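Report on one structure; see the data block that follows.
The values are calculated or read from the model by the stated rules, or taken from the named source; none is laboratory data. This structure is a prediction, so every number in the text was calculated from the model and none was measured. Note that we place each Cβ from the backbone using ideal geometry, even for glycine, and neighbour counts take in every protein chain shown. Only protein heavy atoms, including side chains, enter the accessible area calculation; ligands, DNA and RNA are left aside. Shrake-Rupley method; radii C 1.70, N 1.55, O 1.52, S 1.80 Å.
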Amino acid sequence: MERHDSALHVVVGVDGSPSSHAALRWAVRHAKLIGGDVVAVAAWELPGAHGWSAPAVDAEFDEEIAEQGLVGELHKVLGESGAAEVRKRLVRGNPVEVLLSEAEGAEALVVGSRGLGGFRRTLLGSVSQQCALHATCPVVIVRPTVEVRDSGTRAE
């Protein structure tokens, strides 16, 4: 999973959430419009890496499985041919710091409005908020696709 080198690239955060799926689709459409490429970034960190907690060890984490998970997410959202056109980056570190670093020099950083974090009712997740505040490039925050059921109620 190499680092990006194209002059026009769009960085998108991928965490498996519905809003990151929407962000990924948005990033691909935008990159086609500007003639750029897409760099899908997933970040991981060990528990306890920031602040006090138990020792920073996760015996269950397997980087190869995580890479396969990232590839699987891209296939699920974009299909096999779409996923093949996206550069993949799995980076160890705090998600905000990783996304900000990867987005340096990018045309845009695209993130979902909420990830897999805890507070479901918040309008904006902490990662997307911090990216919007600190990125050196434009940031696009994408809400998940909302389907309307026959009864007229919303389903996310």
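Considering the stretch 69-95, the residues that are part of a loop (DSSP other than H, G, I, E, B) and either farther than 18 Å from Val10 by Cβ or basic (Lys, Arg) (or both) include one that is most open to solvent (accessible area, probe 1.4 Å), namely Asn94.
For the stretch 104-147, a residue qualifies if it is at pLDDT 95 or above, open to solvent by less than 50 Å² (accessible area, probe 1.4 Å) and in a loop (DSSP other than H, G, I, E, B), and the qualifying residues are Ala106, Ala135, Cys137.
Condition check: part of a strand (DSSP E or B) and either modelled with pLDDT under 60 or touching a His at 6+ places or on another chain (Cβ under 6 Å) (or both). Does Val39 satisfy that? Yes: the conditions hold for Val39.
Scanning the stretch 1-26 for residues that are in a helix (DSSP H, G or I), at pLDDT 95 or above and touching a Leu at 6+ places or on another chain (Cβ under 9 Å) yields a count of 2.
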